[in-house]
Amino acid sequence: MSGPQQRVKLEDRPAVSIREFSEAAERVIENIERVIIGKHEAVRLTLIAVLCGGHVLIEDVPGVGKTVLAKSIARSIGCTFKRIQFTPDLLPSDVTGVSMYNQRAGEFEYRPGPIMSQFVLADEINRATPKTQSALLEAMEEQQVTVDGVTHLLPAPFIVMATQNPIEYEGTFPLPEAQLDRFLLNISMGYPSPADEVTIMDRQQRSHPIDSLEQILSEEDLRVMQAQVREMRIEKEIREYIVSIVAATRQHQQVYLGASPRGSLGLFHASQAMAALRGGDFVKADDVKALVKPVLSHRIIVAPAARVRGVTPATILDEVLGLVPVPGGPGSYNGRH
C-alpha cells in the first residue's frame with residue numbers, strides 16, 4: 001500500500017469533474033485500506049452508501065473489523081463518530097437523549113444522546129428490545145429525533161452503520177421489516193485470507209494503524225460529492241430495468257414479501273454512486289446488477305416453505321437477474337415464474 005494520502009479539497013467548487021470525483025473516492029478507499037486489509041469490496045460498498053447518504057447493515061461474526069471500518073470512514077472524511085452498544089437493558093432515551101430540568105435556568109433542556117453524531121455505529125443492534133430498536137426509525141428516515149414532543153435535527157451527514165451477528169440467535173430480537181428497509185445496503189466482511197491475516201498482525205504489532213489515519217475529505221467535500229452523485233445521468237431504460245427487477249421480487253412464487261419502492265430508490269441512487277466511483281458519465285446495467293444483492297437481499301422475505309428447502313434471498317435474486325432482460329437485449333419479463 002502507498003504512503004499517507006494527500007488531503008483532497010473540493011469544497012471550493014459547486015461541482016467537480018467525474019475524474020476528480022473518482023480520484024478523490026479512490027484516495028478515501030486507499031486510506032481506509034491502510035487499516036482494513038483485503039476487504040476492498042466491503043470498503044467500496046460502504047463508501048457507496050456514504051456517497052448516497054444511506055445506512056449500512058453489516059451482518060457478520062465478531063472480530064472481522066466492523067467497528068474499525070466505521071471509524072476509518074469517519075476519520076477519512078473528518079466526521080464525528082459515536083458507538084452505541086445495543087443490549088437488552090438499553091432504553092430509547094439512552095440512544096436519543098433526555099430532557100432534564102435545569103434548576104438554575106428554570107426550564108427543561110435537552111441532553112443529547114449518542115445518536116447526535118454524523119457516523120453512528122449501532123453495534124449488535126438485534127440485542128436490544130424492539131422498543132429501543134424503534135428509537136432509530138425516525139432518525140434513519142427523517143434525520144431527526146423527537147424527545148418529549150420536541151424535535152431535534154441530526155447533524156449532516158448522518159449515517160448509521162449497524163452490525164448484527166448471524167450465528168448467535170439466543171437473546172436477540174430480529175429487526176422488523178420496517179427497520180431493515182431503512183438500510184440502503186446489507187454487506188458482509190468475511191474472514192481475511194491467511195496472507196491478509198499475517199499482514200494485519202504485522203501492522204498491529206506496536207500500534208493500531210487507525211491511530212495514525214489521516215483525513216482525506218472534509219464534510220463540505222462530501223456534500224459536494226453527494227450532490228454530484230444525484231446528478232449522474234441514468235437513462236429511462238435503466239430506470240425501467242431497476243423497476244422490473246424490484247417488481248420481479250414481489251411476483252416471485254418463493255417470496256412472501258418483495259422489495260418496496262424504497263428498494264427501487266435505493267438501487268437507483270446506489271447505481272449512480274457506483275457509476276461515479278468508476279469514473280463513468282452515466283449509469284450502466286452492470287452498475288445496477290452489481291448492487292442488486294447488497295441493496296435488495298435484506299428487503300426480501302422468503303416464503304416459509306421455500307426457506308425450509310434452503311432457498312435464500314441471494315438465490316432468488318440470482319434467478320431474477322437471469323429472467324429480467326438487460327436493456328438492449330431480447331425478451332421481456334412477463335410476470336410470475
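The values are calculated or read from the model by the stated rules, or taken from the named source; none is laboratory data. Values in this document were obtained by computation on a predicted structure and should not be read as measured data. Don't worry about glycine lacking a Cβ; one is built from the backbone with ideal geometry, like all the others, and counts go over all protein chains shown.
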Q | Hits in the stretch 121-139 - residues which are in contact with a helix residue (DSSP H, G or I) (Cβ under 8 Å, 6 or more places away or on another chain), over 11 Å from LEU175 (Cβ atoms) and surrounded by 18 or more Cβ atoms within 10 Å (Cβ to Cβ) | A | LEU121, ASP123, THR132, ALA135, ALA139
**Q.** Scan of the stretch 204-240 for residues that are closer than 14 Å to VAL35 by Cβ and in contact with a Lys or Arg (Cβ under 8 Å, 6 or more places away or on another chain), ordered by number
**A.** PRO209, ILE210, LEU213, GLU214, GLN215, ILE216
Q: Taking the options ALA276, ALA305, ALA290, name whichever one is of a type in the set (Gly, Ala, Ser), in contact (Cβ under 8 Å) with a residue 60 or more places away in the chain and assigned to a helix (DSSP H, G or I).
A: ALA276
Q: Give the stretch 240-258 a look and list any residue that's modelled with pLDDT of 95 or more and touching a Ser or Thr at 6+ places or on another chain (Cβ under 8 Å), or say none.
A: ILE242, VAL243, VAL246
Q | VAL283 touching a strand residue (DSSP E or B) at 6+ places or on another chain (Cβ under 9 Å) and surrounded by 21 or more Cβ atoms within 10 Å (Cβ to Cβ) | A | yes
Q: Could you tell me which of the residues LEU277, LEU291, LEU222 is touching a Pro at 6+ places or on another chain (Cβ under 8 Å), hydrophobic (A, V, I, L, M, F, W, C) and under 15 Å from ALA49 (Cα atoms)?
A: LEU222
(Q) Being among the charged types (D, E, K, R) and either in a strand (DSSP E or B) or touching a helix residue (DSSP H, G or I) at 6+ places or on another chain (Cβ under 7 Å) (or both) is the filter here; which residues of the stretch 51-73 pass it? (A) GLU59, ASP60, LYS71
Q | Breaking point among (1) surrounded by fewer than 14 Cβ atoms within 10 Å (Cβ to Cβ); (2) touching a residue at least 60 places away in the same chain (Cβ under 8 Å); (3) out of contact with any Pro (no Cβ under 8 Å at 6 or more places or on another chain), for THR80 | A | (3)
Q.
Exactly one condition in (1) modelled with pLDDT under 95; (2) in contact with a Pro (Cβ under 9 Å, 6 or more places away or on another chain); (3) part of a helix (DSSP H, G or I) is false for ILE48; which is it?
A. (1)
Q) Since ASP287 meets every condition but one in (1) in contact with a helix residue (DSSP H, G or I) (Cβ under 6 Å, 6 or more places away or on another chain); (2) within 27 Å of PRO176 (Cβ to Cβ), which condition does it not meet? A) (2)
Q: Could you please let me know if LEU184 is under 22 Å from the mean Cα position of the chain (by Cα), at pLDDT below 90, surrounded by 14 or more Cβ atoms within 10 Å (Cβ to Cβ) and closer than 20 Å to LYS66 by Cβ?
A: no
Q | Long-range neighbours under 6 Å by Cβ, at least six apart or interchain, first residue modelled with pLDDT of 90 or more within the stretch 86-104, second acidic (Asp, Glu) and in a loop (DSSP other than H, G, I, E, B) | A | PHE86/GLU124
**Q.** Hits in the stretch 1-35 - residues which are modelled with pLDDT under 90, part of a loop (DSSP other than H, G, I, E, B) and either crowded, with 17+ Cβ neighbours inside 10 Å or acidic (Asp, Glu) (or both)
**A.** GLN5, VAL8, LEU10, GLU11, ASP12, VAL16
Q: Among the candidates SER76, SER93, single out the residue that is part of a helix (DSSP H, G or I), over 30 Å from HIS40 (Cβ atoms) and small (Gly, Ala, Ser).
A: SER93
